[in-house]
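The values are calculated or read from the model by the stated rules, or taken from the named source; none is laboratory data. Given the structure is predicted, the values throughout are model-derived calculations rather than measurements. As a convention, Cβ positions derive from the backbone with ideal geometry for all residues, glycine included, and neighbour counts pool all protein chains shown.
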Amino acid sequence: MNKETVISVENVSKKYCKSLKKSMYYGAMDIGRNMLGMSSKSSRLRKDEFWALNDISFEVKRGETLGIIGPNGSGKTTLLKLFNGIFWPDKGKITIRGMVGALIEVGAGFHPLLTGKENVYINAAILGMGKKEVDEKFDEIIEFADIGGLIDTPVKFYSSGQFVRLGFAVAVHCVPAIMLIDEILSVGDIDFQRRCFNKLGELRKNGMTTVLVSHSIMHILGFCDRVLYIDKGKTMYYGATDKAIKTYQEDMASRTCMPSVNLEVNKMSSSRAVTIMKIEFLDNNEIPINRVNAGEALTLRVHYFAAHHIGAIELDVAIASYGGDIFFRASSKAYGNELFIHKGEGCIDVNFKSLRANNQTVLFYITLWKSDRSELFDWKRELPFYVVGDARSGGKVLLDIDWRNRQ
């Protein structure tokens, strides 16, 4: 394990028991054997036991963001709990370097009868902060949590979203070396999610390592350096983000239905530096359309409002099939195009010189970032558009496009 590696997982396995009574019996037996200096035999399965994780190995380096994906029940949360010391592996070895902050379960570590303020101090103490340090950061924590006047209210009266706001605010202001985040952030609203990822981006620039479990493909694509895909406790792929997501989606047997999408964005939020106001699909004559013949040109126009001058930004565009398979993803930087956002209203055009997909509804995903990806401004997902005709290209999208500002 070199000095840049902060998480090392070596052939780790973890098992559970389907029966609570047998689980308690096996646990007592294992404790007794350990007290007598005998092997607990935890490396083998007994009746009603199964491997939640089976022979998992990988490393995470300092400042890296690792995404963990997989279907429900694949072992993702179990892995985070092993990192956080809630469980221990039955086989293998986990090495952690640095203080760990975790956001795994709603209200974890909070006492329901204590107020939000009291829980801030208790939770921060668990994460290694002294009272003086909490005093100095308290106002900043409460401002980030944005729970209004509920700070002196017992947390048992908080909603799930308010639990998450307060828990995340405490965790990130402890400035851990390693942050563990489960899908729990999806409990918060869009503005809160954006603020969370902006804060994580800021901490990542300062060297914080992040492990993110999420079902949001756009969060994984935009935020993670590498991805671990696990299914039924086994590693299916570990490596490049795009390849991991492609492998995961190809393996999924069931598909979800495409949700309805309104391309007109709701009221602008004044708390955002940049807000996507509207998305338009245009033909060569700049006439709005909702379908195009395979092989024809298409312009995707992103209308935005900036509360102040931003400067250089990066725009991500991904295209997926109706079933969810992403067959195209690129950023403006990948094409060598520099984009800028100035104060006020404006728009950015993404010109597809030839869009090819065979008789299908495709879904567009749009994400606006600060140029160094330290701040996520806004995103829109699953915008439907129909491609008519036979593209004769196996459903591929040609990469001959350009990007330009339009003021």
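Can you tell me which residues in the range 140-153 are assigned to a helix (DSSP H, G or I), closer than 18 Å to Lys199 by Cβ and aliphatic (A, V, I, L, M)? Answer for the range 140-153, where residues must be assigned to a helix (DSSP H, G or I), closer than 18 Å to Lys199 by Cβ and aliphatic (A, V, I, L, M): Ile141, Ile142, Ala145. The single condition among (1) surrounded by fewer than 21 Cβ atoms within 10 Å (Cβ to Cβ); (2) touching a Gly at 6+ places or on another chain (Cβ under 7 Å); (3) touching a residue at least 40 places away in the same chain (Cβ under 8 Å) that Phe144 does not meet is (2).
Against the test of being in contact with a Pro (Cβ under 9 Å, 6 or more places away or on another chain), assigned to a helix (DSSP H, G or I), modelled with pLDDT of 80 or more and surrounded by fewer than 22 Cβ atoms within 10 Å (Cβ to Cβ), the options Lys117, Lys156, Lys137, Lys132 yield a single qualifying residue, Lys156.
In the range 342-380, the qualifying residues are those that are part of a strand (DSSP E or B) and at pLDDT below 80, and the one that is surrounded by the most Cβ atoms within 10 Å (Cβ to Cβ) is Gln360. Restricting Ser39, Ser13 to residues that are at pLDDT 85 or above and not charged (D, E, K, R) narrows the list to Ser13. Candidates in the range 160-186 are the residues that are surrounded by fewer than 20 Cβ atoms within 10 Å (Cβ to Cβ) and in a helix (DSSP H, G or I); of these, the one that is modelled with the lowest pLDDT is Ser186. Total residues in the range 223-248 satisfying the condition of being touching a helix residue (DSSP H, G or I) at 6+ places or on another chain (Cβ under 8 Å), modelled with pLDDT under 85 and not aliphatic (A, V, I, L, M): the figure is 2.
Per-residue answers, yes or no, for (1) of a type in the set (Val, Ile, Thr); (2) farther than 28 Å from Lys76 by Cα; (3) in contact with a Cys (Cβ under 7 Å, 6 or more places away or on another chain):
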site: Ile147; (1), (2), (3): yes, yes, no
site: Pro154; (1), (2), (3): no, yes, no
site: Gly161; (1), (2), (3): no, no, no
site: Gln193; (1), (2), (3): no, no, no
site: Asn198; (1), (2), (3): no, no, no
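Only one of the numbered conditions (1) within 28 Å of the chain's Cα centre (by Cα); (2) β-branched (Val, Ile, Thr); (3) surrounded by 17 or more Cβ atoms within 10 Å (Cβ to Cβ); (4) at pLDDT below 90 is not met by Val292, and that is (1).
Test Asp189 against the stated conditions and say whether it is modelled with pLDDT under 75 and exposed (fewer than 15 other Cβ atoms within 10 Å of the Cβ). Yes; evaluated as a whole, the condition is true for this residue. Here Thr65 meets each of (1) at pLDDT below 90; (2) closer than 26 Å to Gly222 by Cα; (3) of a type outside the set (D, E, K, R) with one exception, condition (1).
To keep it simple, each residue is scored yes or no on (1) surrounded by fewer than 17 Cβ atoms within 10 Å (Cβ to Cβ); (2) free of Cβ contacts under 8 Å to residues at least 40 places away in the same chain.
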position: Arg46; (1), (2): yes, yes
position: Asn54; (1), (2): no, no
position: Phe58; (1), (2): no, no
position: Lys61; (1), (2): yes, no
position: Asn72; (1), (2): yes, yes
position: Lys93; (1), (2): yes, no
position: Ala102; (1), (2): no, no
position: His111; (1), (2): yes, no
position: Ile122; (1), (2): yes, yes
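Out of curiosity, is Val292 within 29 Å of Phe192 (Cα to Cα), touching a residue at least 12 places away in the same chain (Cβ under 8 Å), hydrophobic (A, V, I, L, M, F, W, C) and not in a loop (DSSP other than H, G, I, E, B)? Reasoning before the result, please.
Details: within 29 Å of Phe192 (Cα to Cα): no; touching a residue at least 12 places away in the same chain (Cβ under 8 Å): yes; hydrophobic (A, V, I, L, M, F, W, C): yes; not in a loop (DSSP other than H, G, I, E, B): yes.
Considered against the rule, which asks whether it is within 29 Å of Phe192 (Cα to Cα), touching a residue at least 12 places away in the same chain (Cβ under 8 Å), hydrophobic (A, V, I, L, M, F, W, C) and not in a loop (DSSP other than H, G, I, E, B), Val292 comes out as no.
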